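Below: the structure, in structure tokens.
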Amino acid sequence: MEKDAKIFVAGHNGMVGSALVRKLKQEGYTNLILKSSKALDLVDQEKVNTFFKTEKPDYVFLAAAKVGGIEANNTYRGQFLYENLMIQNNVIHQSYVHQVKKLLFLASSCIYPKFAEQPIKEASLLTGELEPTNEPYAIAKIAGLKLCENYNRQYGCNFITVMPTNLYGPNDNYDLNTAHVLPALLRKFHDAKRKQLEYVEVWGTGTPKREFLHVDDLANACIHLMQSYNSYAPINVGTGKDITIRELANLIKDIVAFKGDIKWNSDRPDGTPRKLLDVALIHQLGWKYSIDLEDGIKKLYRDKF
Ligand code: GFB
């Protein structure tokens with residue numbers, strides 16, 4: 001990627017897109033094309049066609065997506081499937097039509113089978129049933145990575161797919177109905193401390209395990225892969241370490257210094273029991289995460305609240 005290449009970061013106002021923009025600017029990339037969803041609705045085929053025809057980007061980071069935590073995935077099932085399919089189809093297809101040199105598509109670790117062998121190797125894809133709460137999102141992302149794969153195979157495109165684990169960091173969503181667990185718990189414990197509540201309700205049983213990666217580490221990995229990885233085989237990006245939701249809740253409770261109790265609400269779904277990524281492949285390519293989970297959460301809490 002040349003420093004003055006035209007780089008389209010789709011979804012630059014989101015958590016991943018904004019981290020990519022910070023990192024690209026830091027590294028001296030000067031020609032970024034950024035369009036808010038108001039200025040360019042990526043679900044709208046006509047508008048995306050016109051945009052590509054006019055702008056003709058050299059490189060594309062496809063970080064635009066409808067995303068959310070377990071509750072949002074389970075509630076807005078139709079929208080998660082439709083909007084993600086449309087965004088991907090429009091951007092990936094137009095990248096082929098207008099000969100984009102390279103595209104990086106962001107998938108997700110939740111597209112692996114619910115009971116995949118741990119740690120999850122890239123080869124586990126499509127070997128078993130999906131977690132029901134996020135099946136629509138997973139199906140859309142699987143379609144996206146298959147579109148990349150098959151545009152490479154049929155047309156010789158250089159479209160790669162990255163599978164990040166659960167992410168956290170600046171510009172996350174703190175709405176308790178749609179957030180992921182980490183920002184939701186920061187918000188809940190912080191508000192409970194401020195209001196001097198006796199307890200905080202945490203969803204599920206606390207036994208599921210999750211791996212958390214800071215979004216700045218993901219942005220580093222994406223730029224590294226954009227420069228060095230040229231295969232349509234999806235590649236995992238994570239830390240290689242996971243913790244239980246109970247451990248996460250206790251960690252956040254301590255960071256926030258909330259003195260009350262935790263109440264577990266097992267009427268809420270647990271989701272996948274575990275989804276730890278096997279990160280051997282990206283380690284071989286010379287990338288490793290650098291932000292420790294506790295340090296990352298402490299900094300986030302200081303900056304956000
Ligand atoms: O982060 P999260 O919503 O997503 O939930 P997933 C992770 C775990 O935290 C689940 C528990 O076991 C939740 O039950 N949890 C506890 C909570 N308290 C809370 C809370 O207050 N809010 C939330 N949200 N969870 C999503 C997928 O799955 O992960 C998406 O649905 C996406 O498709 C994303 O891939 C990365 O890790 O379970």
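The values are calculated or read from the model by the stated rules, or taken from the named source; none is laboratory data. Remember, it's a predicted structure, so these values are computed and weren't measured experimentally. Virtual Cβ from ideal backbone geometry, glycine too; neighbours counted across all protein chains shown. Side chains included, ligands, DNA and RNA excluded: accessible areas come from the protein's heavy atoms. Shrake-Rupley method; radii C 1.70, N 1.55, O 1.52, S 1.80 Å.
Structure above, values below:
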quantity: Trypsin sites (Lys or Arg not before Pro) within segment 260-305, DSSP loop, no more than 14 other Cβ atoms inside 10 Å; calculated: Lys288
quantity: Estimated distance in nm for a label pair at Lys263 and Gln79, the labels positioned 7 Å out from Cα along Cα-to-Cβ; calculated: 2.9 nm
quantity: Kirkwood Rh and Cα Rg combined as Rg/Rh, the chain; calculated: 0.96
quantity: Integer Hz, Karplus 6.51/-1.76/1.60 couplings in order for segment 205-211, x for Gly and Pro; calculated: 9, x, 8, x, 10, 9, 10
quantity: Across Lys23/Lys146; Lys188/Lys298; Lys195/Lys263, pairs whose alpha-carbon gap is larger than 25 Å; calculated: Lys23/Lys146
quantity: Exposed-site-free run, longest, the chain (rule: GluC sites (Glu not before Pro); DSSP loop; at most 16 other C-beta within 10 Å); calculated: 199-305
quantity: Cα→Cβ-extended label distance, 7 Å offset, between His283 and Ala5, nm; calculated: 2.9 nm
quantity: The chain, relative contact order [Cα under 8 Å, separation at least 6], %; calculated: 20 percent
quantity: Phi to ³J(HN,Hα) by Karplus 6.51 cos²θ - 1.76 cosθ + 1.60 over segment 55-65, Hz, x for Gly, Pro; calculated: 8, 6, x, 8, 10, 10, 9, 9, 10, 7, 6
quantity: Hydrodynamic radius (Kirkwood) for segment 1-151, which is based on Cα pairs only, to one decimal in Å; calculated: 16.2 Å
quantity: Karplus 3J(HN,Hα) series, Hz, for segment 263-268 with 6.51 cos²θ - 1.76 cosθ + 1.60 (x for Gly, Pro); calculated: 10, 8, 10, 7, 6, 8
quantity: Solution diffusion estimate, µm²/s, Stokes-Einstein, segment 149-305, Kirkwood Rh from C-alpha pairs, 37 °C, viscosity 0.692 mPa s; calculated: 192 µm²/s
quantity: For the chain, size of Cβ-based charge dipole, Lys and Arg +1, Asp and Glu -1, in debye; calculated: 480 debye
quantity: 17 Å cut-off, amide nitrogen to a point 7 angstrom out along Glu117 Cα→Cβ, residues in segment 264-278; calculated: 274-278
quantity: Arg274 long-range amide H proximity, modeled H, under 5 Å; calculated: Lys209
quantity: At R0 = 45 Å, FRET efficiency that the Cβ-Cβ distance of Leu34 and Leu126 yields, to 0.05; calculated: 0.85
quantity: Apportionment of accessible area to carbon and sulfur, the chain, percent (1.4 Å); calculated: 47 percent
quantity: Accessible area (Å², per residue) of segment 127-166, counting only protein heavy atoms and a probe of 1.4 Å; calculated: 38 Å²
quantity: Dipole magnitude (debye, nearest 20) for segment 189-254, charges at Cβ of Lys, Arg, Asp, Glu; calculated: 120 debye
